[in-house]
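The values are calculated or read from the model by the stated rules, or taken from the named source; none is laboratory data. Only a predicted model underlies this, so the values are computations on that prediction, with no experimental measurement involved. Positions of Cβ are backbone-derived with ideal geometry, glycine not excepted, and every protein chain shown enters the neighbour counts. Surface areas here come from the heavy atoms of the whole protein model, side chains and all, with no ligands, DNA or RNA. Shrake-Rupley method; radii C 1.70, N 1.55, O 1.52, S 1.80 Å.
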Amino acid sequence: MNTVGLVAFALVGASKAIREEFDVFGIVIVGLAMAFAGGATRDLLVARVPLALQSPLEVSLGLLGVGLAIALSVGLSSPDTHPVTLVSDAVGLGAFATTGAIVATDAGVSAFGVVAIATINAVGGGAFADILLDRAPFILFEDFYASCAVLGGVAYWTAGTLGATGSTAAVACAVVTVGTRLVAVVYDWHLPTVQNFRRFSG
């Protein structure tokens, strides 16, 4: 799960930087930030050294994702909105939500902690990448995105509480997160805002 998430999110982050016309160094930094920031935050919350600092393989996987993004940008005019990138983003979201839920469970945190760490692991990198891109994190005002990770974390905890094995709970988390995200993209789901309620009441 962690491997899939690293490659997928590095690809997505690098694609965003390419759209903003960053240079090669900037593309690498944004791609790696999206791949690692969420996991590093997760590891700090459970008091362990971030995996990115423990193994060169982690960074290599991130660079692979960046390389894929650059390759896509050569052949595509809008790589950040291409179906390959959108699916990669959904898969990365599910993979990191699942990884976060597993790590949180192993750390013995509460049900809230499992869901919170799963969500932070899934969306923390994207939020940090948006800050590097000089814009407000899109998870705060666009799309049905972070909510998918929340639902995945809840699915993981619920499956475990009902007696499912760790692998079954992990599959449930991944399927719920990826599935809801893809449906949200297809049907353009958004959470309501206060302005929506005002227009409805008016």
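General remarks:
- Unmet criterion (only one of (1) closer than 21 Å to Ser147 by Cβ; (2) assigned to a helix (DSSP H, G or I); (3) aliphatic (A, V, I, L, M); (4) open to solvent by 40 Å² or more (accessible area, probe 1.4 Å)) for Leu44: (1)
- Whichever residue in region 168-185 is touching a residue at least 12 places away in the same chain (Cβ under 8 Å) and more than 16 Å from the chain's Cα centre (by Cα) and, among such residues, is least open to solvent (accessible area, probe 1.4 Å): Ala169
- Residues of region 90-113 classified as in a helix (DSSP H, G or I), of a type outside the set (S, T, N, Q) and surrounded by fewer than 24 Cβ atoms within 10 Å (Cβ to Cβ), total: 9
- Applying a threshold of 6 Å to beta carbon distances and a minimum spacing of six or more residues, or different chains, the list of pairs starting in region 121-147 at a residue that is closer than 23 Å to Ala52 by Cα and part of a helix (DSSP H, G or I) and ending at one that is open to solvent by 30 Å² or more (accessible area, probe 1.4 Å) and at pLDDT 90 or above reads Gly124/Thr41.
- Residue that is small (Gly, Ala, Ser), open to solvent by 10 Å² or more (accessible area, probe 1.4 Å) and assigned to a helix (DSSP H, G or I), where the choices are Ala35, Ala17, Ala71: Ala71
- Filtered by the rule that a residue be modelled with pLDDT under 90 and under 12 Å from Phe9 (Cα atoms), region 50-83 gives a lone residue, Asp80.
- Filter result for Thr85 (in a helix (DSSP H, G or I), closer than 15 Å to Gly125 by Cα and polar (S, T, N, Q)): no
- Residue ID - most open to solvent (accessible area, probe 1.4 Å), chosen from residues in region 137-167 that are modelled with pLDDT of 90 or more and closer than 13 Å to Ala127 by Cα: Ala146
- When Thr119 is tested against the conditions (1) surrounded by fewer than 20 Cβ atoms within 10 Å (Cβ to Cβ); (2) modelled with pLDDT of 90 or more; (3) not charged (D, E, K, R), the lone failure is (1).
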